[in-house]
Structures are given as structure tokens and as C-alpha cells.
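Taking it in order: structure first as C-alpha cells, then the write-up.
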Amino acid sequence: LRAAAGPHPTGTAEESTPRFKGGALNIRDLTMAYGDLDVLKGVDLDIAAGTVTCIIGPSGSGKSTLLRCMNRLVEPKGGDILLDGESILAMKPERLRRRVGMVFQHFNLFPDHTALENVMLSLTKIKKMPRQEARRIAEARLAEVGLAERRDHRPAGLSGGQQQRVAIARALAMDPEVMLFDEVTSALDPELVKGVLDLMAALGRQGMTMAVVTHEMGFARRVADQVVFMDEGRIVEAGCPQQIFDNPRSERLKRFLAEVL
Ligand code: ADP
Ligand code: MG
């Protein structure tokens, strides 16, 4: 998991023994509106267990809303989202929060708490875990994202990349089956982007199911099992990275790629 640490000491161990038990997601005819504004207009998407799906598309196309529906930060209007066959729309919110982790562009860390406390808080609050046990897990997760020595720093004393890795450690501490990432490197200085992307790639290799909204086309090409192009609340095209980037079919995707690549 420790992305910046160079080659894995035991060669292929990282790949051969998936650390995470990723869940499968099936999204069926999902619709969502903010008031009168239809934002998702019937989205169908399958994300196989342990795979990485990157979601690309122009601003306002509904990418964030799709992710937010996947852990019910917003309620869909219609359709369904199944996690290992179970509708998340019928799931108790606390159970959903444990199973589906999310990381945002702005790290949303508590400024008055240290890195360690930020990771511990979700464990003590949502999982009602005793502090001692929460501390043990939080230390382990922080070590895995390469921040063992920074654990007693507050967010203001950490770089943007380090803060984002704390946010990832916090999400991982819940032992989720799915991780959602919404433009998590967009607010970072360029030199800090790679460390976060490398960490995400490592998570993907270790069996986490991931849905990643990103402008990092290189990451999507390298890491994604599936790339999804959204426009105006619909999935216009989906396929493997090669298909999407080298052989786009729709004019809209061709135009989008011409602008961003
Ligand atoms: P993306 O992430 O692809 O940029 P969003 O899902 O954020 O797209 O937004 C899709 C559409 O929904 C846009 O037209 C946006 O202005 C609108 N929208 C997003 N959030 C809200 C909100 N909280 N209230 C009203 N409209 C919103
Ligand atoms: Mg967005």
C-alpha cells in the first residue's frame, strides 16, 4: 500500500494476495434531480468487485452527483444501486458509511485535531470503537499511507498531499468494500499529485473496488479497468482505457479528449 516506498519488498506479494475484499456495484437506471434540474438521466453502470472505474467528462455532467448517490450524500430520484446484490437505497446509513468510503477534493479534515485523531474519529463515532482499539487501527492506516511520523500534526502542519493521504487513511480505517474518489488531486500543487495517485493505484492493485472521478487522464489510462465518459447526466461511452482514449466512438468524447489531452 505504501506507494512511495519503491518496489514491493516481496516482489509480487502485493498483487497476489489482495488485501481488500472489494464489493461489486451495479447501478440501474439511476436518476437524480436538484429541484427541477435533472442531473442524472438514467445511468447504468457495473463495477466489478476489485476493479477501478474512472469517470471522466466535462464540468457539470453529473460526475460528482453520481458518486454522491453511491453513498447517499444525495438521494436518487429513481433507479437502484446494488452493492453485492443489496440495494444501498434500503441500507441503514451507518452500515452504508462503513461499506462505502469517500474522499473529496477538499480534504474535509477537522483542523483542530491531529492526523491520528482525524482517523480515529470515524472509528470512535461511527463504529463506536473503544479509543485504544481505534488508536491502534488509525496508527496502522496512517503508516500504510506513509504518514506514521506525521500523525501528531494538525492539518495546517501537513502538505496538501499529506492531508489528502490522511483523508484516504480515514476512509480506509472503516474497512470499506468500495472507495469513491472525487477529484482528489485537483486542489493539490502539481508536485504533490503523484504521491496521492500512486497510493490510489496501490489500493486498486490490492483489490479495492474504486470509482474515481478524475481529470488525470494518465492515471485513468494506466490504472483503470474501465473508463466511463459522462455528458449531460448520461454515460455516453464506457470501455477499457485503450478503447476510450485511442478509439473513441462518439463525437462528444472525441471533442472532450481534444480539449483535455
Ligand atoms: P460534475 O461533478 O460533473 O461537475 P455535478 O454532479 O457537480 O457535475 O453537477 C451536475 C449538475 O448539477 C450541474 O448543473 C450543477 O450545477 C448541478 N448541481 C450540483 N450540485 C448542486 C446542488 N447542490 N444544488 C443544485 N444544483 C446542483
Ligand atoms: Mg464534480
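No lab work stands behind these numbers, since they all come straight from the coordinates. None of these values were measured; they are calculated from a predicted model. Neighbour counts run over all protein chains shown; Cβ positions are idealised from the backbone, glycine included.
For the reader, a short list of remarks on this structure follows.
- Annotation note: GluC sites (Glu not before Pro) in the stretch 182-241 located in DSSP loop regions with a Cβ neighbour count of at most 15 within 10 Å are GLU232.
- Whole-number percent relative contact order across the stretch 9-167, with pairs defined as alpha carbons under 8 Å at least 6 apart: 18
- Cα Rg over Rh - the chain, Kirkwood: 0.96
- Remark: relative contact order (the stretch 108-261) = 17 percent; criterion is Cα-Cα distance under 8 angstrom and separation of 6 or more residues.
- Karplus-derived 3J(HN,Hα) values for the stretch 105-114, using 6.51 cos²θ - 1.76 cosθ + 1.60 with θ = phi - 60°, are 4, 9, 5, 6, 7, 6, x, 8, 10, 6 Hz; glycine and proline are entered as x.
- Inter-part distance where the stretch 80-150 and the stretch 151-222 are each reduced to a Cα centre, Å: 14
- Share of alpha-carbon pairs per 10 Å distance bin for the stretch 69-126, given as whole %: 19, 43, 28, 9, 0
- Among ASN247, ASN26, ASN71, residue whose mean-square fluctuation peaks in a GNM of the chain (springs only between Cα atoms under 10 Å): ASN247
- 222 nm mean residue ellipticity, helices alone, for the chain (DSSP H n ≥ 4; -39,500 (n - 2.57); rounded to 500): -10500 deg cm²/dmol
- Between SER87 and GLN243, the FRET efficiency from the beta-carbon distance, with R0 = 35 Å, is close to 0.70.
- The stretch 138-261, Rg to Rh (Cα coordinates; Rh as Kirkwood inverse mean 1/r): 1.02
- Within the chain: Cβ-based charge dipole about Cα centre, in debye rounded to nearest 20 (Lys, Arg +1; Asp, Glu -1): 760
- From the Kirkwood radius over Cα pairs of the stretch 39-147, Stokes-Einstein at 20 °C and 1.002 mPa s returns a whole-number translational diffusion coefficient of 132 µm²/s.
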